[in-house]
Amino acid sequence: MRTPERILVIRLSSLGDVVLASVVIGAIKRRLPQALLSILVKSEYAGLYSCDPRITHVIPLHPGHPHLLQLVRSLRKKNFDTIVDIHSNLRSLLIRNLVSADRKVHYHKRHLIRWAMVHLKWLNFQPRHTVDLYLDAVRGLGIRDSPRKPKLYVDATTRHRVRDLLIESGLSGDDILVGVSPGARWKAKRWRAEGFASVCDSLLQRRETKVLILGDKDDVPFVREILSWMRRRPIDMTARLDIQELMAAISFCRLFLSNDSGPMHIATALGVPVVSIFGPTHPKLGFSPLGEKDIVISRNLSCSPCSLHGEGDCRLKRRICMEQITPEMVLEALERLLPH
C-alpha cells in the first residue's frame, strides 16, 4: 500500500487570508483525498481549523525567534513530501527553505500590479482574486478547476455553547439574527459609527430581527461609540468570544454586515450572505467576498484604492469614500438579502 502523501500548507496571517487558505485545503483534499494535510498558521488563528476534518494537524506558530527555530526543527522531523507556501513573505520563505521536501510550490503576490492599482489607479482590466492566485500555486500538484469559495467547519460543542449564550441574551427560535462586525484592522477601513448605529436601529425596528455585534478587544472603543448613537439595544458580544466561538456565532446569523475585514470572509466560508463596505481599499485588489449572494458597497471614487490594506491615512484629509456611503444604501442592500 502506498504511503499517504504528507503535505504542509503555510499561511501564517492575517485572519482573512488564513480563511481564504481553506480554498487550497479543499483543492488538495479533492485531488489527493488520502493525503495527510497540515497547516501552519500563527497561533492566534489556529482555532479556524481546529475541527476541520480535512486537516490532520494544525501547527501553530508562536511569536518570537526562538519559537521559529524550534518550529523549523520540529517540521524537519515530519518528513513532508510537499510544501505549499501561500504566504510568500520572509518568514514563510525561511521556513520553506529550511524544511526539506520533494516538492515546494509558492504563491506569487502580484506586487507590481497591486502597486499600480493603488498608486496609478490601474483598475480597467480583469482582476484576479487572491484565491485564484492561491490556486495557481498548486497547479503543479495537478490541481485544476477547483471551487473558489472558502469553507470552514464549526465545532458542534462550541456551537451549542454559543447558542446558549445567544438565548440568554434574548434570541428566540423565530428571530432573524443579523451579525454586524463594525471593526477592521485599520481605522480607515471602518465605516462611520453613526452609520452603523442608524442601520442597526432600523433593523431592530423589525419585530422579528435581532442584531448581534461582534468584534475583538481592539474594537471595543468603536463599538461603544456605535452604541452611544443607538436608540435600541443589540446583542453585544464584542471581545467576549474566542475565534472558534466567533465562527459559531456567525454561523447562527442569517445575514452579515461588515467592513472589508476577516470576519467578512468567515461569514462567506460559513455560507452566511454578506453585505460588505469597501472604502479606502477596493474589491478589485482581490479580497472581495466570494459568496453567490454577497453584496459589496463601494463608491469607486477616482482616489480609490488609496492603499492596499487600508493602512494609510486619507490624502484628502477626509474619508469621502466612506462619507458617501449612506445608511439608506446599506439598508437597501440588506433588505435585498433579508427573508421576507
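The values are calculated or read from the model by the stated rules, or taken from the named source; none is laboratory data. This structure is a prediction, so every number in the text was calculated from the model and none was measured. Using ideal geometry, Cβ is built from the backbone for each residue, glycine included, and neighbour counts are taken over all protein chains shown.
For (1) within 22 Å of ARG31 (Cβ to Cβ); (2) of a type in the set (Lys, Arg); (3) within 25 Å of the chain's Cα centre (by Cα), each residue gets a yes or a no:
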| site | (1), (2), (3) |
| --- | --- |
| PRO66 | no, no, no |
| GLN70 | no, no, no |
| VAL105 | yes, no, yes |
| VAL118 | no, no, yes |
Count - residues of the range 30-53 that are touching a residue at least 40 places away in the same chain (Cβ under 8 Å), outside any helix (DSSP H, G or I) and exposed (fewer than 14 other Cβ atoms within 10 Å of the Cβ): 1
Residue list for the range 191-206, filter: assigned to a helix (DSSP H, G or I) and in contact with an Asp or Glu (Cβ under 8 Å, 6 or more places away or on another chain): ALA193
Residue check for VAL220: outside any helix (DSSP H, G or I), at pLDDT 95 or above and of a type outside the set (Gly, Ala, Ser): no
Of all residues making up the range 176-205, the number that are out of contact with any Pro (no Cβ under 8 Å at 6 or more places or on another chain) and free of Cβ contacts under 8 Å to residues at least 60 places away in the same chain: 5
Matching residues in the range 267-286 - criterion: being modelled with pLDDT of 95 or more, farther than 17 Å from LYS210 by Cβ and in contact with a Gly (Cβ under 8 Å, 6 or more places away or on another chain): THR268, GLY271, VAL274
Breaking point among (1) of a type in the set (A, V, I, L, M); (2) over 30 Å from VAL154 (Cβ atoms); (3) at pLDDT 90 or above; (4) out of contact with any Lys or Arg (no Cβ under 7 Å at 6 or more places or on another chain), for LEU334: (2)
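Under 18 Å from ILE297 (Cβ atoms) and assigned by TED's automatic domain parsing to the domain that holds SER261: is that true of LEU203 in this structure?
yes
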Only listed residue being more than 27 Å from LEU290 (Cα to Cα) and out of contact with any Asp or Glu (no Cβ under 8 Å at 6 or more places or on another chain), chosen from LEU12, LEU69: LEU69
Flag if LEU61 is assigned by TED's automatic domain parsing to the domain that holds ALA137, surrounded by 13 or more Cβ atoms within 10 Å (Cβ to Cβ) and in contact with a Leu (Cβ under 8 Å, 6 or more places away or on another chain): yes
All positions within the range 250-274 that are over 13 Å from LYS293 (Cα atoms) and among the charged types (D, E, K, R): ASP260
Top-ranked residue of the range 303-326 - restricted to ones that are over 10 Å from TRP191 (Cα atoms) and touching a Ser or Thr at 6+ places or on another chain (Cβ under 6 Å), ranked as modelled with the lowest pLDDT: GLY310
1 or more residues under 27 Å from LEU337 (Cα atoms): qualifying helices (runs of 4 or more DSSP H) within the range 90-190: 130-137, 156-168
Total residues in the range 193-239, condition of a type in the set (S, T, N, Q), surrounded by fewer than 21 Cβ atoms within 10 Å (Cβ to Cβ) and within 22 Å of SER261 (Cα to Cα): 1
Lone unmet requirement of (1) in contact (Cβ under 8 Å) with a residue 60 or more places away in the chain; (2) touching a Phe, Trp or Tyr at 6+ places or on another chain (Cβ under 7 Å) for LEU257: (2)
